[in-house]
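Everything on this sheet refers to the single structure shown next.
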Amino acid sequence: QQIQEDLNKQLFDNLVSFLRRSHSGFQEKTTEWTCRMKTREIPTAALVLGVNVTDHDLTFKSLTEVLHNNVTPYIALLEAKDCPGIKNLMRKLIGQLMNCRVDVDSLEEEDYVQVSQNRIPCSMTSLISWYESVTKKTDAGTPRKRRTSSSRHWQSPPVVVMFQDMESFTTRVLQDFIVISSQHIHELPLVLIFGIATSPMIIHNLLPHSVSSLLCIELFQSLSCKEHLSTIIDKLLLTAQFPFKLGEKVLQVLINIFLYHDFSVQNFVKGFQLCILEHFFCQPLSVLCCQLGDVKKKVNSLSHNQCENIRRLPSFRRYVESQASEQQIALLTEDNSLKETIQKLLEDLHIYHENYIPVLRCLHVFTSSLPKYPLGKQIRELHCACLENRVWETEEYESSLQLARMLNRSDLVTMLQQCVEILVSSPGKEFDEPVEKLKEFLTQFQKLEEEAFQEWDVSVSSPKELQKKTDLYHLQKTLLELKESRRSKKLTKFEMLRFEVIEYIDSLVRNYLVPADHKTLHEIMYFNTASVLREHLNAAPRIALHTALNNPYSYLENQALKSDGGSISNKAPDICIVYKLHLECGRLINLSDWLEAFSTVVMGAEGPNADAASSDHVDDVIHARFIRAVSELELLGFIKPSKQKADHMARLTWGGC
């Protein structure tokens with residue numbers, strides 16, 4: 001939440017500045033406001049937030065708090081679902097405005113202005129009267145002059161109306177509200193904020209020119225959802241501050257859901273929270289997923305059963321197999337020896353994270369500046385590649401090194417300077433030598449730049465000589481000599497130094513970017529169960545419906561609903577009985593046969609007389625229950641009325657789930 005507020009700070013500051021400018025003329029009655037009043041223009045902010053509509057709630061909530069603290073207490077947030085007509089819109093608007101409190105430092109508690117919505121008709125005239133009474137009451141307790149910028153609210157604060165989802169509002173409602181408001185703009189300092197998910201052109205698509213000309217629109221663009229996601233990953237995942245980490249497959253699942261489903265940062269964070277809950281709930285050793293300073297205390301408090309769980313970890317078993325036989329016996333039989341080893345391994349894991357992240361950022365500095373982005377442009381893509389396997393063994397990494405060996409001097413110097421800054425600011429204690437080495441490279445580049453002349457070994461014929469040799473034999477001979485000279489040409493000092501820099505960066509990558517699953521006890525800090533995450537986040541509605549209707553016990557957990565195999569229990573809900581019966585039918589279902597079968601199942605619990613029931617004497621209650629169950633099944637999309645036969649229904653689903 002703090003990251004989101006920091007990212008939106010510039011946008012909110014611009015909006016606050018716009019609101020202050022838009023209503024300042026109302027207080028002073030300046031020429032600008034007079035001109036706007038004559039043209040009846042309403043100050044309007046078009047806030048483009050992007051298609052990630054699930055994140056808009058938090059954005060508007062934060063915006064409301066910022067405006068309330070800095071500009072005005074009179075804010076209304078409207079949604080299309082609450083405003084199907086202009087009357088509903090006015091009722092919602094007045095209800096929100098008149099229930100707010102005017103918080104003025106000089107007023108006493110009993111002087112708070114609260115007006116009941118029920119006593120005042122929902123019209124623009126009543127809203128203007130309320131606003132005038134509120135501002136007069138406020139002015140009675142304050143000096144008759146414009147407030148300083150340090151005050152929370154201005155003397156005549158504007159009335160801000162925010163349309164959270166403008167695209168969802170009907171055209172007629174927007175037109176009527178804008179036309180009505182423009183006729184009273186000289187009496188009420190109204191400011192509109194349109195929340196737009198698609199494009200600002202939607203304003204002109206929804207509103208005719210006669211209505212849009214009544215708006216004085218200023219455009220505000222928020223950061224893209226991809227930039228928000230990159231910042232979230234950078235601050236929450238790519239840091240040694242938090243010991244909990246996501247495995248490569250889990251992180252890829254969350255990123256894929258973000259990119260291919262909803263672009264919602266909030267849903268990404270919820271998925272991240274779900275991973276935390278799953279890890280600490282299902283992993284009995286997650287108690288050791290703690291800060292470095294708490295490792296010793298946590299390890300010493302381990303019970304014998306927890307020590308046995310550690311011995312079963314695959315990574316720890318690999319570690320034991322690599323030790324000498326005496327050490328193996330001690331680790332597998334003595335808890336005290338095991339705890340000492342665990343403490344050292346966990347400390348090494350923390351040091352690995354402190355070293356991994358800075359080197360990852362240094363590698364990203366190089367790969368993100370390459371023309372083809374073999375390892376991806378975003379650092380999250382590079383992070384996933386490093387978690388998946390040894391990145392230096394991939395073809396993309398080799399391609400990146402080849403492209404890096406062709407970088408020019410200025411780009412190379414800039415990258416080295418960025419790498420020095422990253423390593424100097426990192427908490428890792430092993431980067432003193434790499435920093436000195438990189439600074440040495442920068443010094444050598446500086447010396448090369450200061451040299452006035454460089455030696456060039458060129459052993460080719462001049463252009464004039466090539467022009468003289470016109471026959472094919474001499475031309476081929478000259479080209480072969482040119483090709484041979486290029487092969488045997490010596491590298492310049494810059495090329496040798498560039499090659500040395502790339503080789504050193506490669507050595508850092510091989511030393512510090514080892515995949516996490518190669519580290520001992522990585523299961524304690526890394527959540528890798530991607531299948532559980534997919535089960536929670538990737539919805540399978542057809543399978544869920546089939547399970548609920550075919551076996552209601554799986555959801556209701558009522559012992560009376562347990563049934564054997566394909567049998568149909570008469571205790572099940574009506575829709576479950578109807579669904580199971582429809583699975584036994586073909587493409588077309590005869591309603592009378594279906595009703596008779598339903599009646600037979602339902603009346604099966606009423607004793608032996610139930611067998612005597614016939615289709616001609618079906619109880620009215622059972623008939624009504626059947627009709628309702630069939631209607632519900634049709635609503636779910638399993639059946640539809642048949643055009644071939646009036647008394648038949650057609651099946652729409654086939655095959656097993």
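The values are calculated or read from the model by the stated rules, or taken from the named source; none is laboratory data. This structure is a prediction, so every number in the text was calculated from the model and none was measured. Glycine gets a Cβ as well: all are built from the backbone with ideal geometry, and neighbour counts include every protein chain shown. Each accessible area value is taken on the protein alone, full model and side chains, heavy atoms only, with ligands, DNA and RNA left out. Shrake-Rupley method; radii C 1.70, N 1.55, O 1.52, S 1.80 Å.
Could you tally the net charge around S642, taking each other residue with its Cβ under 12 Å from the Cβ of S642, Lys/Arg +1 and Asp/Glu -1? Let's see the in-between values first.
Values: positive: R587, K640, K643, K645, R651; negative: E634, D647.
After counting each charged neighbour, the total is +3.
Can you pull the percent of region 175-286's accessible area that's carbon plus sulfur, 1.4 Å probe, other chains left in place?
That fraction is 60 percent.
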Taking a threshold of 30 Å on the Cα-Cα distance, which of the pairs K296/K439; K249/K580; K245/K562; K226/K437; K298/K439; K235/K519 fall above it? K296/K439; K249/K580; K245/K562; K226/K437; K298/K439
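So how do 283-296, 576-589 stack up, highest first, on mean other-Cβ count within 10 Å?
Taking the mean over residues of other Cβ atoms within 10 Å, the ranking is 576-589, 283-296.
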For W654, what accessible surface area do you get with a 1.4 Å probe? Give it in Å², rounded to 10. 130
Region 215-270-region 510-541 distance, computed between alpha-carbon centres (Å): 18
Any chance you could look up the accessible area of H23 with a 1.4 Å probe, heavy atoms only, rounded to 10 Å²? 0
